[in-house]
Amino acid sequence: TSDLINDARFRPMVEKFAQTLPAHLDSLEQAMKVRDLNAVAEQAHWLKGTAGTVGFNDFMEPASELQKLAESGQHEPALDRVTVIRDLCERIDLSCAAEMN
């Protein structure tokens, strides 16, 4: 869950992040498939910053690691980070927000 889910000012941003994240991850995985490490690094950078902004801090470390791996051309180790990020995405829980509405 997001650290900011219960803050009425941030809740819309948290929800939008959760809604758009799967499409970003699809793009990230497609970039990995074609070994476009520049695109991988860009997506990882976006994820690191945006996830942190909306309180999903668990994404920040694997996204930062993925960005560094992509920038240094390490495709195979980057695959593990993508798997971690996908797992985090699938575990997002916005039920706290739903209870408040």
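Per-residue answers, yes or no, for (1) at pLDDT below 95; (2) of a type in the set (Val, Ile, Thr):
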| site | (1), (2) |
| --- | --- |
| 1 | yes, yes |
| 18 | yes, no |
| 37 | no, no |
| 44 | no, no |
| 48 | no, no |
| 52 | yes, no |
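Can you tell me which residues in segment 4-32 are farther than 19 Å from residue 90 by Cβ, open to solvent by 50 Å² or more (accessible area, probe 1.4 Å) and either part of a helix (DSSP H, G or I) or not polar (S, T, N, Q) (or both)?
8, 9, 10, 12, 13
Inspect all residues belonging to segment 59-76 and state whether any of them is in contact with a Pro (Cβ under 7 Å, 6 or more places away or on another chain) and either in a helix (DSSP H, G or I) or touching a residue at least 40 places away in the same chain (Cβ under 8 Å) (or both).
Keep residues of segment 59-76 that are in contact with a Pro (Cβ under 7 Å, 6 or more places away or on another chain), which gives 69.
Right, trim to either in a helix (DSSP H, G or I) or touching a residue at least 40 places away in the same chain (Cβ under 8 Å) (or both) and you get 69.
Checked segment 59-76: at least one residue is in contact with a Pro (Cβ under 7 Å, 6 or more places away or on another chain) and either in a helix (DSSP H, G or I) or touching a residue at least 40 places away in the same chain (Cβ under 8 Å) (or both).
Looking at segment 33-48 only, could you name the residues that are aliphatic (A, V, I, L, M) and open to solvent by 60 Å² or more (accessible area, probe 1.4 Å)? Before the answer, list the steps.
Of segment 33-48, the ones aliphatic (A, V, I, L, M) are 34, 37, 39-41, 44, 47.
34 - this is the single residue of segment 33-48 that is aliphatic (A, V, I, L, M) and open to solvent by 60 Å² or more (accessible area, probe 1.4 Å).
Is one or more of the residues making up segment 77-84 under 9 Å from the mean Cα position of the chain (by Cα), charged (D, E, K, R) and not in a loop (DSSP other than H, G, I, E, B)?
No, segment 77-84 has no match at all.
The values are calculated or read from the model by the stated rules, or taken from the named source; none is laboratory data. All values derive from a computational prediction rather than experimental measurement. Methodologically, a virtual Cβ is constructed for each residue, glycine included, from the backbone with ideal geometry; neighbour enumeration extends over all protein chains shown. Note: accessible area is taken over every heavy atom of the protein model, side chains too, but ligands, DNA and RNA are not part of it. Shrake-Rupley method; radii C 1.70, N 1.55, O 1.52, S 1.80 Å.
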